[in-house]
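J.: Got a structure for you, written out below as structure tokens; questions coming shortly.
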Amino acid sequence: MKKSHGIFIKNDAEIALMREANRIVSVILDKLGEAVEPGVSTMRFEQIARDMCKEFDVTPAFLGYNGFPFALCCSVNEEVVHGFPSDRILREGDLVSLDMGVIYDGFYGDSARTFEVGEVSPEASLLCDVTRESLMKGIAQAVEGKFLYDISRAIQEYVEQNGFSVVKRFVGHGIGRQLHEKPAVPNYVPIAGRSLPLKNGMVLAIEPMACVGTAEVEILEDKWTAATKDRKLSAHFEHTVALTPNGPEILSRNEQ
């Protein structure tokens with residue numbers, strides 16, 4: 001596998017395998033979304049995710065990763081990322097973020113969505129819409145000839161223009177034969193000036209996390225779950241994206 005600036009450049013065959021890995025993730029997230037409703041235990045999502053991994057004969061990417069004990073990251077309301085499925089019951093008005101990954105034929109798929117539980121507040125709905133749209137703004141910049149921080153800038157500007165804050169502690173990443181590869185893909189511009197140039201064949205997991213209040217987070221007692229310090233709402237969306245001569249291709253979609 002070739003490299004550019006230390007980043008693995010995937011060929012068409014490798015991207016095809018990643019396309020299937022991410023399609024499977026998308027199908028799983030579709031099914032999880034259908035199960036989201038008030039009164040459901042978040043452990044139900046873990047059960048669905050594991051059952052579907054068996055059905056597709058793929059390996060859950062997160063299970064055991066650095067000791068993570070579940071196949072699914074399940075984060076509710078003020079929990080930003082890396083939350084544990086549990087016997088917690090979802091309530092009307094909650095937000096639940098589900099982050100799923102699989103390994104298919106040696107390559108990783110990774111995607112996340114935030115779902116509204118029943119009828120949510122206008123603020124919660126707007127947070128979801130803005131975070132989702134910021135992801136699309138970032139993806140639009142994933143083009144050869146642009147720079148990594150063009151993605152970061154597009155996300156940060158859109159989130160902040162709409163009155164929300166961008167989490168800086170957690171970032172997106174390259175992805176391929178490893179879940180986390182170079183480069184880190186921040187959702188904000190950490191320094192002035194140009195960053196590394198984007199090249200076709202790069203595959204990036206772009207994943208903005210936005211908050212109603214402060215973007216500062218703290219890690220809870222389980223040593224994994226990250227929550228906003230002010231305990232206000234957060235949302236998280238993620239797509240795995242391949243840079244191609246025809247523009248960015250979102251791999252983590254079901255309609256391929």
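J.: What are the ³J(HN,Hα) couplings of the stretch 22-27, residue after residue, when phi is run through the Karplus curve with 6.51, -1.76, 1.60 and θ = phi - 60°? Round to Hz, x for glycine and proline.
T.: 6, 4, 4, 4, 4, 4
J.: Counting only protein heavy atoms, what percent of the accessible surface of the chain is carbon or sulfur at a 1.4 Å probe?
T.: 47
J.: Follow-up question, since we're still on this one. Per-residue ellipticity at 222 nm for the chain, helices alone: DSSP H runs ≥ 4 residues times -39500 (n - 2.57), over residue total, nearest 500 deg cm²/dmol?
T.: Roughly -9500 deg cm²/dmol at 222 nm, from the helical runs in the chain.
J.: Okay, next question. Lys pairs in the chain, Cα-Cα under 20 Å, at least 8 apart or on separate chains: how many?
T.: Counting lysine pairs in the chain gives 22.
J.: Next question, about the same structure. Which shape class, rounded, prolate or oblate, goes with the stretch 130-236 when its Cα gyration tensor gives a ≥ b ≥ c as root eigenvalues, a/c under 1.5 marks rounded, and past that a/b bigger than b/c marks prolate?
T.: Oblate is the answer for the stretch 130-236, as a/c is 1.5 or above yet b/c matches or exceeds a/b.
J.: Heavy-atom accessible area of Ile139 with all protein chains present, probe 1.4 Å, nearest 10 Å²?
T.: Roll a 1.4 Å probe over it and Ile139 shows about 10 Å².
J.: Under 1.5 on a/c is rounded, so check that first for the chain, then, if it is not, pick prolate when a/b is larger than b/c and oblate when it is not; a ≥ b ≥ c are the square roots of the alpha carbon gyration tensor eigenvalues.
T.: oblate
J.: Placing +1 at every Lys and Arg Cβ and -1 at every Asp and Glu Cβ, with all other atoms neutral, what dipole size does the stretch 1-128 have around its Cα centre, in debye to the nearest 20?
T.: 560
J.: Gln178 to Asp12: extension gain in nm, 0.36 nm per residue of separation minus the Cα-Cα distance?
T.: Here the answer is 58.0 nm.
J.: What is the set of long-range amide H partners of Val217 at a cut-off below 5 Å, with H atoms built 1.01 Å from backbone N?
T.: Distant-sequence amide H within range of Val217: Lys229.
J.: Count charges around Ile155 for me, please; just the other residues with Cβ under 12 Å from its Cβ, Lys/Arg as +1, Asp/Glu as -1.
T.: Every neighbour counted, the sum reads -2.
J.: Once you order the gyration tensor axes a ≥ b ≥ c over the Cα atoms, which shape class does the stretch 1-149 get: rounded for a/c under 1.5, otherwise prolate or oblate by comparing a/b with b/c?
T.: Oblate is the answer for the stretch 1-149, as a/c is 1.5 or above yet b/c matches or exceeds a/b.
J.: Choose one of Gly213, Ile7, Asn77: the residue whose Cα lies farthest towards the positive end of the charge dipole of the chain (beta-carbon charges +1 Lys, Arg; -1 Asp, Glu; about the Cα centre).
T.: Projecting each Cα onto the dipole axis, the largest value belongs to Ile7.
J.: Please turn the phi angles of the stretch 147-157 into ³J(HN,Hα) values with the Karplus equation 6.51 cos²θ - 1.76 cosθ + 1.60 (θ = phi - 60°), one per residue in order, whole Hz, x for glycine and proline.
T.: Ordered by residue, 3J(HN,Hα) equals 10, 3, 6, 5, 5, 4, 5, 4, 5, 4, 4 Hz.
J.: Related question: Dipole magnitude of the chain about its Cα centre, charges +1 at Lys/Arg Cβ and -1 at Asp/Glu Cβ only, in debye to the nearest 20?
T.: The calculated dipole for the chain is roughly 1000 debye.
J.: Give me the accessible area per residue for the chain, probe 1.4 Å, as a whole number in Å².
T.: Result: 43 Å² per residue.
The values are calculated or read from the model by the stated rules, or taken from the named source; none is laboratory data. Remember, it's a predicted structure, so these values are computed and weren't measured experimentally. Using ideal geometry, Cβ is built from the backbone for each residue, glycine included, and neighbour counts are taken over all protein chains shown. Note: areas computed on protein heavy atoms with side chains; ligands, DNA, RNA excluded. Shrake-Rupley method; radii C 1.70, N 1.55, O 1.52, S 1.80 Å.
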